[in-house]
Amino acid sequence: MRKRGCNIVENGPAISSLQDIGELDYEAALTLTGFGWFHYQLLALCGLIYANTAVSITLISFVLPSATCDFRMTSEDKGWLTAAPMLGMVIGSYFWGCLADTKGRRIVLIATLLLDGIVGVLSTVSQIFSIFLILRFINGFAITGAMGICFPYLGEFQPTAYREKILCWMEMFWTFGIIVLPCIAWIIIPLDFHFTDADGKALFGSWNLFVALCSIPSIVLGLWLLWFPESPKFLIECGERHLALEILKDIYHINTGRDRNECPIAGLKESDKGNIIMETHNRSIRSFNIHNPKHMKIIFGEIWEQTKALCGPEFRKNTVLACLIQFGITTSYYTLMVWFPELFGRFELHEKRYPNMSVSVCDVSSIVLDNVNGTLVDDYCGTKIDTNVYWHTLLLGFACIPTSLWLPLCVHRLGAKFFLIFSLIVAGAVTVGLSYVNNSTQNLILSCIFEALTSMGISTVYCVMVDLFPTNLRVMAAALSLTFGRGGALLGNILFGFLVDLNCIIPVVLFSMMLFGSAILCFFLPNTGSEALD
């Protein structure tokens, strides 16, 4: 039972008064700060960052049909456009993870959000397809950093009793992002305005405005993050216990309303894991300048040691499992999620032309593109996105609400592993079912189930990974698994772009096999949720 204030340490030593009690380990000190307003604010911030990543990653799905005429895109071009952000994620995941484990979570989160927002705004004025492709690549490079870091950053502020449940609530924010995106698209993209040059070439249209509006939240969130502290757990690992203590006192003040000086934490114990940088150079790794070649050599040496540790005997099993599970689930999810609006549009166009004709997902594509030369069908290029496409995509988001509530409310009772295995097995079966649908309604129902379960599975993977690795390896491990996942998403989008008009049954079968395989691998994960961060 947990009493108000800091009088009782849950799952730890009992404290009978608010007097200084000497040096504490991090978990005991964090529990003494209470659980309250600070944690709710941090959940809101990290949740909105996660929702923003959902918007940034999937907005390209609405750009595909809208920008088809402006860039004269074939299906192959669309495949490369959806793959460009994924390629950026492949390259950016481990880069940002290494930086976050050496320079800090907060500063890297700020940098990734600002970069994503600024480049997103710049991409709206690009009139050349190759330049737009490069800018979307940079967007993917940036946003993957925010996505990989927000879970460890949030988790390192949470007492053990609350951590797993708080992290699971992040799934609701992803759902919020999936719901908001089609709403913005529905309002903006149908607007009938185009700025053109003297030759009639489009310079700025409604889809450009849509991309710009979806980019602004990244800048706002990056600036909001300036008001939040660095992870005290990370600071302790860097040897900066005094600064970590000051942050914990601030959290105590915000949560309890009491003066900072009343906080009973007199000091913090050193990390059980020795800090080589601090012991060797007598300074925090955060103080090293990345522009100094000598400092960079030291930083790279630390990164290499951490990478070896991830692949060492202690963490090798968890590292391999996390990477393979991420690869399977992310390949399937991001490929199909990006292409769902395109498939909805093709079904709507087909049913308008042939209202009494039933066709599969694979067959419907033949009416959109000429399979002989891969060029655009002229009348499709002049067709606006049907409003049903927005509505169907919005339903995908609404379908996630039940699972988004089920996960945090029942995770302590059923366990994170159960949710992973359940979601992946059912999602794999649904993916197989997509090849058997013969109308847009059936396609929509299965798509909703797929979206709800796979998004829950991805969020659960992030939650589990916070407990699988220690602080000095946590973000880097998440980044390494994200690299594998984004690599799979990159291959999946390229593959789907080439095969959707030729033989789309092949990627559908591959995606279902990946989901079933990931479910099997989840059986080998350890149970999580009740352990201290280290």
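The values are calculated or read from the model by the stated rules, or taken from the named source; none is laboratory data. Note that this is a predicted model, so its numbers are computed, not measured. Every residue, glycine among them, receives a Cβ derived from its backbone with ideal geometry; neighbour counts consider all protein chains shown. Areas reflect the complete protein model, heavy atoms only, side chains present, ligands, DNA and RNA absent. Shrake-Rupley method; radii C 1.70, N 1.55, O 1.52, S 1.80 Å.
A few remarks follow.
- Of all the listed residues (Gly301, Gly274), the sole one being at pLDDT below 90 and either of a type in the set (A, V, I, L, M, F, W, C) or within 30 Å of Met86 (Cα to Cα) (or both) is Gly301.
- Options Leu221, Leu243, Leu226: the member that is in the same structural domain as Gly140 (by the TED database), surrounded by fewer than 21 Cβ atoms within 10 Å (Cβ to Cβ), within 22 Å of the chain's Cα centre (by Cα) and assigned to a helix (DSSP H, G or I): Leu226
- Of the criteria (1) in a helix (DSSP H, G or I); (2) open to solvent by 30 Å² or more (accessible area, probe 1.4 Å); (3) among the small types (Gly, Ala, Ser); (4) at pLDDT 65 or above, which one Ser366 fails: (4)
- Among (1) under 25 Å from Pro152 (Cα atoms); (2) outside any helix (DSSP H, G or I); (3) open to solvent by 20 Å² or more (accessible area, probe 1.4 Å), the one test that Gly34 misses: (3)
- Test: residue in segment 55-66 that is open to solvent by 10 Å² or more (accessible area, probe 1.4 Å), within 16 Å of the chain's Cα centre (by Cα), not assigned by the TED database to the domain that holds Leu491 and not aromatic (Phe, Trp, Tyr): yes
- Extreme residue, farthest from Val108 (Cα to Cα), among residues of segment 141-178 that are open to solvent by less than 10 Å² (accessible area, probe 1.4 Å) and polar (S, T, N, Q): Thr175
- Residue check, Phe419 under 23 Å from Met172 (Cβ atoms), in contact (Cβ under 8 Å) with a residue 40 or more places away in the chain and within 20 Å of the chain's Cα centre (by Cα): yes
- For the criterion of being in contact (Cβ under 8 Å) with a residue 40 or more places away in the chain, outside the structural domain of Pro470 (by the TED database), part of a helix (DSSP H, G or I) and surrounded by fewer than 21 Cβ atoms within 10 Å (Cβ to Cβ), Leu133 passes.
- Checking the stated criteria, Ala146 turns out to be in contact (Cβ under 8 Å) with a residue 40 or more places away in the chain and within 18 Å of Leu43 (Cα to Cα).
- Flag for Phe484 being aromatic (Phe, Trp, Tyr), over 22 Å from Tyr50 (Cα atoms) and outside the structural domain of Gly148 (by the TED database): no
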